[in-house]
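What follows is one structure encoded as structure tokens, with my remarks underneath.
The values are calculated or read from the model by the stated rules, or taken from the named source; none is laboratory data. All values derive from a computational prediction rather than experimental measurement. Don't worry about glycine lacking a Cβ; one is built from the backbone with ideal geometry, like all the others, and counts go over all protein chains shown. Heads up: the accessible areas ignore ligands, DNA and RNA and are worked out on the full protein's heavy atoms, side chains in. Shrake-Rupley method; radii C 1.70, N 1.55, O 1.52, S 1.80 Å.
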Amino acid sequence: QKFFGGMTTTTENNTRVRARLIAYALKELIMESDRVLLMGHANPDLDCFGAALGMYRAVFELKKPVHIVMSAEKHAAVEYLYRRVNEDQDYMNILIDHKQAEEYLGPNTLLILLDVNRKVITQYPDLVEKAKNIAVIDHHRTSADSVEGVDVSYVEPFASSASEMVTELLQYMVEKLSLRSIEV
């Protein structure tokens, strides 16, 4: 594979039909899984964490056990939201660290990567290695070291954020989804 600099033009090829198809495929994958782990890139920012919170709500509404893998090192902008989530009774114990994620990861666990498609810059690349089922939702271009062999891949470089992409998927994944104020 060859990739050339960032001067190439990305064309918008997203349609509602594509988002709906991805949402249905992701929902099916979630329903077939025993549990779900959500993980973003190292040093997560608000887009990464926001996308994880949105996807958390969808998986929760689908009645599957779900956790967000969050390292101690995070972008300074995330601290306020991180504290709010940790202090909210509705989110008790949803944020887990590497050790807990390793224990949680089983043969039928779905790992959803958010705001990242390259294994080397995920929070914990070893979890990507160990996961049998992986989905990717990202707005960054793919490269030679993008995660391979994923079950569902929704990578749209023209999208402004991973949070935007998750929001687009939510409307097709869960009927009458009721987001909490912290997730909006």
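List of remarks:
- With respect to being at positive phi, touching an Asp or Glu at 6+ places or on another chain (Cβ under 9 Å) and of a type outside the set (A, V, I, L, M), Asp115 fits the description.
- Selection over the range 53-94 of residues that are open to solvent by 80 Å² or more (accessible area, probe 1.4 Å), more than 29 Å from Ala25 (Cβ to Cβ) and part of a helix (DSSP H, G or I) gives a count of 6.
- Residue-level check: of (1) within 16 Å of Glu28 (Cα to Cα); (2) not in a helix (DSSP H, G or I), Gln171 misses just (2).
- Near pairs, Cβ below 7 angstrom, 6+ apart or cross-chain, from the range 162-181 (open to solvent by 40 Å² or more (accessible area, probe 1.4 Å) and among the basic types (Lys, Arg)) to any residue that is at pLDDT below 95 and part of a helix (DSSP H, G or I): Arg180/Asp90
- Selection count, the range 118-158, where residues are open to solvent by 10 Å² or more (accessible area, probe 1.4 Å) and part of a loop (DSSP other than H, G, I, E, B): 18
- Within the range 34-52, the set of residues being open to solvent by less than 30 Å² (accessible area, probe 1.4 Å) and either within 9 Å of the chain's Cα centre (by Cα) or under 15 Å from Leu127 (Cβ atoms) (or both) comprises Val36, Leu37, Leu38, Met39, Gly40, His41, Pro44, Cys48, Phe49, Ala51, Ala52.
- Cβ-Cβ distances below 7 Å connect the following pairs, each with a first residue in the range 78-106 that is more than 16 Å from Asp45 (Cβ to Cβ) and touching a residue at least 60 places away in the same chain (Cβ under 8 Å), a second residue that is assigned to a loop (DSSP other than H, G, I, E, B) and open to solvent by 30 Å² or more (accessible area, probe 1.4 Å), and a separation of six or more residues or different chains: Asp90/Arg180; Ala101/Tyr124; Gly106/Asp34.
- When Asp138, Asp115 are checked against the criterion of being charged (D, E, K, R), at pLDDT 95 or above and closer than 18 Å to Arg20 by Cα, Asp138 stands alone in meeting it.
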